[in-house]
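For reference, the structure discussed in these notes is given below.
The values are calculated or read from the model by the stated rules, or taken from the named source; none is laboratory data. Treat the numbers as computed from the prediction; the structure is a model and nothing was measured. So basically every Cβ, Gly included, is an ideal-geometry build from the backbone, and we count neighbours across all protein chains shown. SASA here: full protein model, heavy atoms, side chains in, ligands and nucleic acids out. Shrake-Rupley method; radii C 1.70, N 1.55, O 1.52, S 1.80 Å.
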Amino acid sequence: MSFKERIAILISGRGSNMDALIAACAKPSFPASVELVISNNHDAAGLDTARDACIPTQVIDHHQFGKDRQAHERQIDAALQAHNISAICLAGYMRILTPFLINNWEGKILNIHPSILPLFPGLDTHAKAIKAGMKVHGCTVHIVTEDMDQGPILGQAVVPVLPNDTEHSLAKRLLKQEHLLYPQVLKNFLRKEEPDINVDALING
Ligand code: GRF
């Protein structure tokens, strides 16, 4: 087995991207292992998926810290340190990180965002893409910096926007590409290889 970086995944909900990362990391040749899953939400469905995969989970509920966002992140940071984590993947983690965590883990936090950044940062990206009349939509894996959804782009994948698409149908088509892109980009990132541009989905429809 080759050397594996110890990664943590932060989630808030469904955790399907987390699941894709866990599956990739389970392969002996993949350069990472998932050593911790943290959720800010007790009810995140992804927690059960992680437990089923025998990965340690922690719920660090932001509500107990009131408005003190840094206190919440200090606890997350302590959990990451305790598990000797070396890189973090945000996967549907619905909290904006403060400079505290971002600076402590500078260049080591990745996120997947469901749009072709820098288009459509923030929420409701599928609706925004349809409303804008986009013919393609996509997802981006990037490094997290203090400017939300603006960190260096590591990889992107695209899908067509079809004439009758709804937010739901477009999100569903894109999610399949997210699950392919995130592990691939994480692998390249850890091996310090070139970013990926995946246009297969566009060509193949
Ligand atoms: C994904 O669309 C991801 O791009 C975005 O949030 C969603 C999370 O879905 N950041 P899941 O929890 O990974 O299923």
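By definition, a body whose alpha carbon gyration tensor gives a ≥ b ≥ c is oblate when a/c is 1.5 or more and a/b is not larger than b/c, and region 1-109 fits this oblate description. Relative to the current alpha-carbon distance between Arg191 and Phe65, full extension at 0.36 nm per residue lengthens the span by 41.7 nm.
Please report the base-10 log of the normalised intensity I(q)/I(0) for the chain, using a Debye sum with one equal scatterer per alpha carbon and no solvent, at each q in 0.08, 0.12, 0.16 (1/Å). Values returned for q = 0.08, 0.12, 0.16 Å⁻¹ are -0.26, -0.59, -1.06.
When each of the peptides 30-37, 70-77 is scored by how many other beta carbons lie within 10 Å of its residues on average, the order from highest to lowest is 30-37, 70-77. Ligands, DNA and RNA left out, the accessible area of the chain computed with a 1.4 Å probe is 54% carbon and sulfur.
All Cα-Cα separations within region 86-179 were binned at 5 Å from zero, giving a P(r) of 3, 14, 26, 23, 16, 10, 6, 3, 1, each value a whole percent of the pairs.
Within region 1-148, DSSP assigns beta bridges of which about 20% are antiparallel (rounded to the nearest 5).
Measuring between their Cα centroids, region 139-196 and region 9-52 lie 17 Å from each other.
Less than 5 angstrom separates the built amide H of Ile9 from those of Leu36, Val37, Ile38, Cys89, all sequence-distant by 5 or more or on a different chain.
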